[in-house]
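Coordinate-derived values only; no laboratory data. Here the structure is a predicted model, which means the values were calculated and not measured.
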Amino acid sequence: MALNFIPKLLLVLAFAAFSAGARRSELELKETHLSLFFHDIASGPNFTLIPVAGIAGKLWTFDQFGTAFVTDDPLTETPDRSAPIVGRGQGIYVTSGLDGRNTHVLISIVFTNKKYNGSTLEIQGTSKQFEKVREVSVVSGTGQFRFARGYATFETYLWDPATFYSVERCNVTVQHY
Ligand SMILES: *[C@@H]1O[C@H](CO)[C@@H](O)[C@H](O)[C@H]1NC(C)=O
Ligand SMILES: *[C@@H]1O[C@H](CO)[C@@H](O)[C@H](O)[C@H]1NC(C)=O
Ligand SMILES: *[C@@H]1O[C@H](CO)[C@@H](O)[C@H](O)[C@H]1NC(C)=O
């Protein structure tokens, strides 16, 4: 009885060691760099960014403390408006600096392209919205970006004041498993 038991136990231990090894290599930290272009329309019938709340009696503008915006921007890999859409930038911005200079960004990048379809990245942070380059943190992710951490920069690539259309370049650096 006892002799019969030992080899089985060894087998179980050997298997456990093997699967722990497999887990370790699956959990190797990778670094991914992405460059995405947000196409933003802040006016007209096809808007992708709109103020939804603000302080009564004040204009609901980007530089007015307390103004909340909702956005759903198509994302592409090149600045061209008609380039294939690889995902969407969905979330909210709230002007959270009393002086109107900083906005709090809470956006999900929701991928729909072949490579990352169904995965998301979560962006959160204070954006010094009137600076040339705004850096915010990437706090998490789902799917292929589980446990993601990193940062993203935003810079205005194109701004058309006549139609309130702008293109923002977003560079993402994330570490994930
Ligand atoms: C809004 O989108 C519709 C449907 O795609 C399009 O026909 C129309 O020209 C767009 N309007 C403007 C002002 O861009
Ligand atoms: C992404 O996933 C959805 C749902 O599973 C599927 O309908 C769609 O065809 C996929 N898109 C690509 C580009 O693979
Ligand atoms: C974003 O990436 C592009 C292309 O790699 C580069 O030219 C640009 O300088 C980067 N922007 C920032 C703020 O790092």
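In whole percents, the pair-distance distribution calculated for segment 62-177 from its alpha-carbon pairs, binned every 5 Å from zero, is 2, 12, 19, 25, 21, 13, 6, 2, 0. The lysines within cross-link reach of Lys30, meaning a Cα-to-Cα straight distance under 20 Å and a gap of 8 or more places when in the same chain, are Lys114, Lys115. Note on Lys58: no lysines have a C-alpha under 20 Å away, same-chain residues under 8 apart excluded.
Listed by chain and number, the aspartates and glutamates whose alpha-carbon sits under 13 Å from that of Lys128, ignoring those within fewer than 8 places in the same chain, are Asp63, Asp99, Glu155. Per residue, the average separation of C-alpha pairs within less than 8 Å and at least 6 apart gives the chain a relative contact order of 20 percent.
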